[in-house]
1. Summing -39500 (n - 2.57) over the DSSP H runs of n ≥ 4 in the chain and dividing by its residue number, what mean residue ellipticity at 222 nm do you reach, to the nearest 500 deg cm²/dmol?
2. Would you check the accessible area of Asp431, probe 1.4 Å, heavy atoms only, in square angstrom rounded to 10?
3. Can you tell me what share of the DSSP beta bridges in the chain is antiparallel? A percent to the nearest 5 is fine.
4. In the stretch 192-232, whose amide N lies under 13 Å from the spot 7 Å out along Cα-to-Cβ of Gln329? List them in ranges.
5. From the Cα gyration tensor of the stretch 70-132, with a ≥ b ≥ c the square roots of its eigenvalues, which class applies: rounded if a/c is under 1.5, or else prolate if a/b is larger than b/c, or else oblate?
6. Taking only C-alpha pairs under 8 Å that are 6+ residues apart, what is the relative contact order of the chain in percent?
7. Can you pick out the pairs among Lys118/Lys390; Lys147/Lys441; Lys239/Lys404; Lys3/Lys312 whose Cα atoms lie more than 22 Å from each other?
8. Given a 1.4 angstrom probe, what's the average accessible area per residue across the stretch 129-189, in square angstrom?
Amino acid sequence: MRKIKKILIANRGEIALRVMRSAREMGIKTVAVFSEADRSALHVRFADEAVCIGPPPSSESYLRIDKIIHAAKNTGADAIHPGYGFLSENEDFAQQVEDAGLIFIGPSARSIELMGRKLAAKAAVAKFNVPLVPGTSEPITDVLSAKKVATQIGYPVLIKASAGGGGKGMRIVEHEGEFNEQMERAVSEATSAFGDGSVFIEKYVTQPRHIEFQIFGDTHGNVVHLFERECSIQRRHQKVIEEAPSSVLTPKLRNAMGEAACNVARAANYYGAGTVEFILDEKMNFYFLEMNTRLQVEHPVTEMITGIDLVKLQIRVAEGEKIPFTQDQLTMRGHAIEIRVYAEDPANNFLPDIGTLKTYKRPDGNGIRIDDGFEQGMSVPFYYDPMIAKMICHAETREQAIAKTIRAIDEYEITGIETTLGFCRYVLEHDAFRTGDFDTKFVEKYFRPEVLKRKPEAEEEMLAAALSSLLIAPGTNTHQKPAADAPGKWKKNRTL
Ligand code: ADP
């Protein structure tokens with residue numbers, strides 16, 4: 001047991017602030033690091049101390065292991081929290097932090113390394129009877145035999161980079177005729193992105209849901225899961241709305257997936273917070289996808305339904321404490337939804353829309369949590385991830401959580417840049433979302449930029465026309481619902 005007195009947070013923005021808040025409640029001092037672009041950032045102002053570690057590009061600041069460890073040593077910090085992104089899944093960083101005599105608030109370098117290589121991870125978890133997507137267990141070297149495997153598992157197949165991440169080096173092959181071409185592309189993409197061109201084949205699940213489990217391990221060999229998060233609403237293979245619990249898991253399936261997630265952790269001798277990602281097919285078969293060896297962006301939905309502060313738990317486990325509860329003591333309460341507010345333009349293929357937050361007014365009220373790193377008048381820096389905020393709403397039921405989220409979106413006022421607020425509202429109002437009948441193809445299937453571009457006046461005119469036609473024809477059905485993909489009523493706060 002080693003009590004932590006001062007933590008350096010090797011990150012920026014909302015996650016740096018979020019970690020600092022929990023540390024402060026525990027009586028632990030905090031050290032911020034920042035690049036020259038972040039001099040007046042909120043995480044810098046909040047911390048007890050702050051150290052500038054270099055110019056704006058992350059390769060010269062937030063990714064500089066040497067500068068970060070130096071800053072920790074200089075300020076007398078005894079631990080480093082990596083947040084998510086940046087160096088959080090870099091095994092060299094975890095190792096060097098430990099070698100410098102500091103505590104890394106995360107898993108061991110060996111667990112990070114194992115789970116960072118997709119094929120090695122699959123081989124390790126297979127020994128623990130975790131279901132895997134059918135596919136090859138070795139890198140493909142010979143196209144002919146790879147094609148044979150593809151025919152055996154059946155098209156469509158997915159070619160994936162073993163060193164992959166962020167959806168890079170991934171190619172769908174619909175039929176044998178395009179195998180060679182797609183394989184060439186996957187290999188060249190993987191080589192340029194990861195310096196490692198090895199690829200493998202998986203069955204392509206055509207209508208998958210992305211369901212992940214929050215797990216926690218300690219250094220005494222205990223592993224628990226804190227239930228699931230449904231993350232199927234994605235654009236560009238990246239999540240944008242998450243919720244807990246998932247509306248499709250039965251208690252039986254939840255137990256089976258939770259147990260498989262704990263086994264993944266056991267296969268990696270895992271301690272700390274981790275996330276085991278699964279895909280679920282339309283027949284409710286689940287398959288291990290990968291494990292993220294860090295705190296996840298969407299961790300607050302789990303905190304809302306379990307009442308557990310995951311950062312405090314990370315810190316306690318890093319100090320050598322046992323997890324202070326058992327699996328049986330955990331229960332879920334209510335329903336939580338997170339929407340990610342990105343500075344990007346849904347009407348323009350979700351491209352980043354960097355600029356100044358001319359107006360920035362957050363919603364408020366019971367059951368609403370906003371994790372952000374901005375104030376009115378600040379600019380969204382061009383160098384980093386364009387997420388402005390995460391808004392998490394908690395209520396007794398899913399229906400109430402949806403209503404609360406929509407109410408809060410309408411209260412959120414952001415001008416000066418385009419955001420994903422209107423897009424999230426559209427999803428939350430959609431029948432497919434409300435009934436729970438959706439998968440990772442939601443955006444592809446239902447979203448068209450036009451649904452957000454409609455002018456409020458045009459909508460009012462439509463309503464007026466609809467009303468007058470009802471008045472003219474009194475015998476008509478007055479209970480007609482709008483089409484499933486009709487735009488939601490949205491009147492203000494949008495930067496149209
Ligand atoms: P990365 O590490 O690049 O993020 P993942 O393996 O986590 O790659 O997959 C990213 C996303 O791609 C998943 O959330 C899922 O939507 C999709 N995906 C991955 N594997 C499959 C598969 N075998 N079939 C269908 N979709 C998949």
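The values are calculated or read from the model by the stated rules, or taken from the named source; none is laboratory data. Quantities reported herein were computed from a predicted structural model and do not represent experimental measurements. For neighbour counting, all protein chains shown are included, and Cβ atoms are generated from backbone atoms with ideal geometry for every residue, glycine included. Ligands, DNA and RNA are stripped out before the accessible areas are found, and what is left, the full protein with its side chains, is counted by its heavy atoms. Shrake-Rupley method; radii C 1.70, N 1.55, O 1.52, S 1.80 Å.
1. Values: 17 runs with 170 residues, N = 496.
Value at 222 nm, helices only, nearest 500: -10000 deg cm²/dmol.
2. Taking all protein chains as shown, Asp431 has close to 60 Å².
3. Working: 57 of 72 bridges.
Taking every DSSP beta bridge with both residues in the chain, the antiparallel ones total about 80 percent.
4. So the set is 224.
5. Values: a/c = 3.34, a/b = 2.93, b/c = 1.14.
Cα axes put the stretch 70-132 in the prolate bin.
6. Details: 1006 pairs, mean separation 62.4, N = 496.
After rounding, I find 13 percent.
7. Over 22 Å apart, Cα to Cα: Lys118/Lys390; Lys147/Lys441.
8. Normalised by residue count, the accessible surface of the stretch 129-189 is 53 Å².
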